[in-house]
1. For the stretch 74-87, what does the Karplus curve 6.51 cos²θ - 1.76 cosθ + 1.60, with θ = phi - 60°, yield as ³J(HN,Hα) per residue in whole Hz, taken in order and with x for Gly and Pro?
2. Dividing the alpha-carbon Rg of the stretch 47-159 by 2.2 N^0.38 Å yields what?
3. Do you know the relative contact order of the stretch 62-194, to the nearest whole percent, from alpha carbon pairs under 8 angstrom that are 6+ apart?
4. Exposed loop trypsin sites (Lys or Arg not before Pro) only (DSSP loop, at most 12 other Cβ atoms within 10 Å): please give the longest stretch of the chain free of them, not including the sites.
5. What range in the chain is the longest one free of chymotrypsin sites (Phe, Trp or Tyr not before Pro) that are in a loop by DSSP and have at most 13 other Cβ atoms within 10 angstrom?
6. What ³J(HN,Hα) values, in whole Hz, does the Karplus curve 6.51 cos²θ - 1.76 cosθ + 1.60 give for the stretch 108-125 when θ = phi - 60°, with x put for Gly and Pro?
7. With an 8 Å cut-off on Cα pairs and a minimum separation of 6 or more residues, tell me the relative contact order of the chain in percent.
8. Among SER70, SER132, rank each residue by its count of other Cβ atoms within 10 Å, from fewest to most, as a rough exposure measure.
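What follows is calculated from the coordinates using simple rules that are stated; it is not laboratory data. This is a predicted model, so every value here is computed, not measured. Cβ: placed from backbone, ideal geometry, glycine included. Neighbour counts: every protein chain shown.
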Amino acid sequence: MAFDKEMVSEPAPYEPHIGETRQYWRDIILGVNDGLVSIFLLVVGVVGGGLDTNQVLLTALAGAVAGAISMAAGEYLATKSQDEVLEAELRLERIHIRDHRQQELDQLRDMFVDMGIHSDDIESMVAAFDRSDEAILNAMKALEFGFIESERRSPYRAMAASGVLFLVGSFPSVIPFLVFDSTRVALVWATFLALGGLFLVGVVKARVARHSWLRSGLENMVIAGIGGVLAWLIGDAAGGVLT
């Protein structure tokens, strides 16, 4: 029976992957989002506590600089430590391949079974890997450690992405207090700019992750909005007690 041409769907156009920036998107989103949220909540809290414009500005600037340095240092140390642990594991894996080769091949065989590879093909695949120590090591990198060389993250790039973008994310909550004398007017602008920035981050994240941009943007805004209300209430209560 001939197929109806109208029922045959056209193939989807080829869509390229993100590429070399993929492994840094965590740092990018975390850095800018944390800067937007934490400095906004800090500003809301201290305004609620009764601080004047100059005091709020000083607090926000100090928080922005401290947060950026903390994010950068933390991401550098975390990424470097992760890389060092991986290198130690790979050194041990090379020893296992040299001294316990059959055990490693058996482990590789079990992984192929778990992947759903047909049983008739497994032995020939294991034999092919058995020809090269480097092939076994590369297979173990991906299957045992979940690591691919092209996905390795530079501690310096991770540090820069987190620290610089945290600082950028703090701008919407800092700039209004540089421009306006009234804390309430500045807070309104800071709220508008910070929530707008959070919505934009949600949209960008959704575009990269290929899901609903509206839902992602609103989700980012709502979380910060709830946090802002709580920060105001806590700041107001603390200000009433301390003053």
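1. Per residue, the Karplus-derived 3J(HN,Hα) values read x, 5, 4, 5, 5, 5, 5, 5, 4, 5, 5, 5, 4, 4 Hz.
2. On the way: Rg = 23.7 Å, N = 113, 2.2 N^0.38 = 13.3 Å.
Rounded to two decimals, the normalised Rg is 1.79.
3. On the way: 92 pairs, mean separation 52.8, N = 133.
In percent, rounded to a whole number, it is 40.
4. Working: sites that count: ARG131, ARG152, ARG210.
Longest site-free region, per DSSP loop and neighbour criteria: 1-130.
5. On the way: sites that count: PHE3, TYR14, PHE145.
Value returned for the longest uninterrupted segment is 15-144.
6. Once θ is set to phi - 60°, the couplings for the stretch 108-125 become 5, 4, 4, 5, 5, 4, 5, 6, x, 5, 4, 4, 5, 9, 5, 4, 5, 5 Hz.
7. Relative contact order comes out at 38 percent.
8. Details: SER70 14, SER132 11.
Ordered from fewest to most neighbouring Cβ atoms within 10 Å, SER70, SER132 come out as SER132, SER70.
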